[in-house]
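Each reported figure results from applying straightforward, stated rules to the coordinates on display, with no laboratory input. Predicted model, so just to flag it, every value in this text is computed and none were measured. Note that each Cβ is placed from the backbone with ideal geometry, even for glycine, and that neighbours are counted across all protein chains shown.
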Amino acid sequence: MRGLVDYHTHSLLSDGQSSYEDMVCAAIEKGLDEIGFSDHVCLKPVIWALQEIDLPVMTHQILEIKEKYSHLITVRYGIELDYFPGKEEELSRIINSLPLDYVIGSLHFIGEWNFDGDQSLYGKWSNDHLYAMYYNLVRQAAASGLFDIIGHLDIIKKFAVYPESDLTYLYEETAGVIRQSGMVVELNTGGFDRPCAEFNPGPQWLEILHHHGIPVTLTSDAHHPDQIARHYQSAIELLKKSGYREITTFNRRNRGVLRI
Ligand SMILES: [Zn+2]
Ligand SMILES: [Zn+2]
């Protein structure tokens, strides 16, 4: 695993099952160059995310662990921040208050519906309409310019819910906005262990992203030390097959690259 990073991981501070220290030790064992934390931060009061009042504790713990293990691995400080349209100012205030290496912008809500945890509203609309609503939010998140990385780009397929029609035009349009925003997309291997049994994004999406010249980084969405860098070998194979030869790294919101 030399020369690789994992930038999407969760600790006990949000909905992960382990401390930062246990996660760092697992990343060292796997031989990663860098591990980045991205605990959930959400403007809505949900149990799986930190609220603004908890942020200083997270900063303190991450900076401490970064220093402690600096001779063995590079620890990066990120957050996975929920995007809500119209809340750009509040989101920007949170981002600017923290010494972050990167910000992952994710969608877990459509309106008030937490669609990646609560399955009750699937079927309320046609799947095509659901996908259109979801990708409309993704485009707004990208256009906001708030984030460095788009989180699990096609998470709307999580429960193996797929569109009725060919929505390639929707993906092309969304890729155009992401390209313009200058954002990076993560290849999140966690999707392989969800009902959709496929990375986020999947192969079709990755080809579109590559075609648009959109850079990618590599993540596992680990909520447990055992999940760090999961399925990385097939992820690298898929990236190469899609035309990618490098992944993006982040340091204080500046970018670097690693050859794969
Ligand atoms: Zn997420
Ligand atoms: Zn996550």
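Of note:
- Rounded to the nearest 500, the helix-only mean residue ellipticity at 222 nm of the chain stands at -10000 deg cm²/dmol, with each DSSP H run of n ≥ 4 adding -39,500 (n - 2.57).
- For the peptides 21-30, 246-255, the ranking by packing is 21-30, 246-255, with the highest mean count of neighbouring Cβ atoms within 10 Å listed first.
- Value of D in µm² per second that Stokes-Einstein yields for region 129-260, Kirkwood Rh from Cα pairs, at 10 °C (1.306 mPa s): 106
- Listed cross-link partners Lys44/Lys124; Lys68/Lys158; Lys124/Lys240; Lys68/Lys241; Lys66/Lys157; Lys157/Lys240 are compared with a 32 Å cut-off, the Cα-Cα value being larger for Lys68/Lys158; Lys124/Lys240; Lys68/Lys241; Lys66/Lys157.
- Residue (of Leu72, Gly213, Ser38) at the positive-pole extreme of the chain, dipole from beta-carbon charges: Gly213
- About its Cα centre, region 67-194 has a charge dipole of approximately 180 debye under the convention of +1 per Lys or Arg Cβ and -1 per Asp or Glu Cβ, with nothing else charged.
- Selection from Pro195, Ala141, Gly123 lying farthest towards where the dipole of the chain points positive, charges on Cβ: Ala141
- Within-12-Å neighbourhood charge of Leu170 [Cβ basis; K, R +1; D, E -1]: -4
- Trypsin sites (Lys or Arg not before Pro) within region 99-185: DSSP coil, no more than 10 neighbouring Cβ in 10 Å: Lys124
- Whole-number percent relative contact order across the chain, with pairs defined as alpha carbons under 8 Å at least 6 apart: 21
- Average silhouette area of region 186-242, convex hull of alpha-carbon atoms, in square nanometres: 3.7
- Additional length obtainable on full extension of the chain from Glu64 to Gln204, 0.36 nm per residue less Cα span: 46.4 nm
- Using alpha carbons only, the radius of gyration of the chain set against its Kirkwood radius gives Rg/Rh = 0.94.
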